[in-house]
Amino acid sequence: MPMGRRFNVVIALALVPILALCYWLLAHAWSAFVVADRSENSFISLRATFVVMEKVSAERGPMNAVLGEDAPTPAPQAVALSRARLASDESIAELTATLEPIECRQCAAALTMVTKWKAQLAQARANVDRLARQPRALRRDDAVQAAVRQMFAVVDGIAPLLLSESTTVARGDPGALNCLVMARLTAELREQAGRLGSHLTGALAMRRPLTLDEKLTIEHTRGRIDQLQTMLDLRMADHPDLATQAFNTMHIRYFGEGVTYFRTIEALASRPGGADITTAAFAEHYVPDMSSIVAFRDAVLDAAQEELRRNRALSLWAFAATGTGEFALLAVLGWIVRKLRREVVSPFAQATTAIRAIASGDLTKEVVVPSVHGEVREMFDAIQVLKVTSVERSRLEAERVRLMQELALMAETDSLTRLLNRRAFEKQARALCGEPRTDATWIALIMFDIDHFKRINDTHGHAVGDEALRLVARASRRHFGRSEIVARIGGEEFAVITRVRTCSDARDAAERLREDIARIALPTDSGTSFRMTASFGIAFAQPKDGADVAQLLKQADGMLYEAKLAGRNRVVAQPMRAADALEAPPPNA
Ligand SMILES: Nc1nc2c(ncn2[C@@H]2O[C@H](COP(=O)(O)OP(=O)(O)OP(=O)(O)O)[C@@H](O)[C@H]2O)c(=O)[nH]1
């Protein structure tokens, strides 16, 4: 696989887990933000529920006052009760408004609960109104108690919604859990404080002493209030900075003044004649002290809301930071990959191609140097140096081969005539003799030299003698083809070795050359020309007998000597036995 594609595959494989991780981190950050956002929205419903609980609880104050008055209810008490009921209704409407736009299973369940409370509340109010229309003397004590308990039941029905909403909110921001728990404890404290006051309603309304049951109920409620106070104190000890002022005010106002006042009225109501105080007067003094509980609850809820807001902002920031960080990371990765590809991978592939071309001897391709720096640039510089040295080495190698060939040629060639020299002749003649052939019957070695050559030199000069040698060589080349080996084997001595079908073929060839040499007109320095002759000696051998070049040379030399002795300018062939020749052996000249 090419390096570029391999690089792409590696990058793709590396990107898969990186992108998956980025997606997971972004999705995680987004879902954390969604939960925090939902948590903040749910807090609005939770706070509205706290208010509903408070308002419905507060409605019992004017209700107690009305039940303590004779019929018809005096206008101030009636107006106070109407206002309290209106406040409850408004708080329920506000809660409903916060729940309706949210499409969730919990909200639907909450709306069902709200509808149920409204029905319960309407029934409880109807009971109170029925009792209020009766003359006080005719009102039955147990009926008054039942009306009060019915109002308690409405508030008891709100507590589960508070719990479920608090859980939802805390799930989105566990940091708000402490505030939410404290708000719930405070809301219950407000409810228990209200109930404590309501426990006096019967006795005060009927102008009678507290019954044993009422006293027991008061003790039970007081015990729960003490519990709540202890729990709040412990939590405040862990979080001393949380709404400290509101907490201290609640301690002074309710646990101090409010509880003391209640104990005073309780003591009066425990006397045989009961307490000489109306429920309205009691509520007027007791209820304002309870407002410090609501103020602390609100302070704690404000702190929770602030925490939720901070958490949502933090989640949003975390989401944005994760997205931006991932984008930056991917951008940097992309930049690194691009830079790697441009400055390392592609140049490396180019370098590989260039080195491969140089190694295979293709030095024509240009080495394209990419715009890179550092080590990669140095690598390309080195490749260029390698190419230059390779080109030079190649040139030197070609030169060496040429020189070797020239040397070989020079070693085997006669520089004057350009024919083979004696050494090359003997070598090639041995090779020819060793060739297994069937088409030729004889090997003929023709040796010849120029007659009275010394005289030519002496008469016309050495240069003319050289020219004579060159002309004889040229004539020899003309007469013999490529398959015949022609050489200058001595000063004015030449030799040809060839295969012939018959001995007379060799003799005829020698004759023709002899005649040709005799026709050569040699120019002299004086402008005249003269002719020369040559003598030939021929020796034969049969390849099947194993031709010996040295022997052939010796025999041809002998024949040449005979030709000289016989008067020169003639061909003398070795005499052959008739049985050895296909035709009569060449005659002696
Ligand atoms: N110009 C020239 N002369 C050469 C060369 N090589 C040898 N010779 C001369 O060739 C002559 C050979 O003479 P000889 O061996 O006496 O033979 P010849 O004169 O041809 O007499 P025959 O062979 O008996 O006919 C000598 O004078 C050599 O100096 C050469 O390369 N150039």
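Considering only Pro135, Val79, Pro2, and ranking their Cα positions along the charge dipole of the chain that arises from unit charges at the beta-carbon of Lys, Arg, Asp and Glu, the one farthest toward the positive end is Pro2. Between the helical axis of 177-198 and the longest alpha-carbon principal axis of the chain there is an angle of about 10 degrees. Angle, helix 346-359 long axis vs. longest principal axis of the chain, Cα atoms, 0 to 90°, nearest 10? Approximately 20 degrees, to the nearest 10. When you filter the GluC sites (Glu not before Pro) in segment 316-373 for DSSP loop state and at most 15 other Cβ atoms inside 10 Å of their Cβ, you are left with Glu366.
Relative to the current alpha-carbon distance between Ile336 and Ala119, full extension at 0.36 nm per residue lengthens the span by 71.2 nm. Taking only Cα atoms, what is the 0 to 90° angle, nearest 10, from helix 212-238's long axis to the longest principal axis of the chain? Helix 212-238 sits at roughly 30 degrees to that axis. Pairs of lysines 8 or more apart, or on different chains, with alpha carbons under 23 Å: count those in the chain, would you? Counting lysine pairs in the chain gives 9. Each of Asp142 and Asp238 was given a label point 7 Å from its Cα along the Cα-to-Cβ line. The distance between the two points is 4.6 nm. Spin-label model, Lys215/Glu406: points 7 Å from Cα along the beta carbon direction are separated by 14.3 nm.
In what sequence do Glu406, Glu188, Glu412 fall when counting other Cβ within 10 Å, fewest first?
Glu406, Glu412, Glu188
Looking at the square roots a ≥ b ≥ c of the eigenvalues of the Cα gyration tensor of the chain, which shape do they give, rounded for a/c under 1.5, prolate if a/b is larger than b/c, or oblate?
Taking the square roots of the gyration eigenvalues as a ≥ b ≥ c, the chain is prolate.
FYI, it's all coordinate maths here, none of it is from the lab. Model, not experiment: these values are computed from the prediction. Glycine gets a Cβ as well: all are built from the backbone with ideal geometry, and neighbour counts include every protein chain shown.
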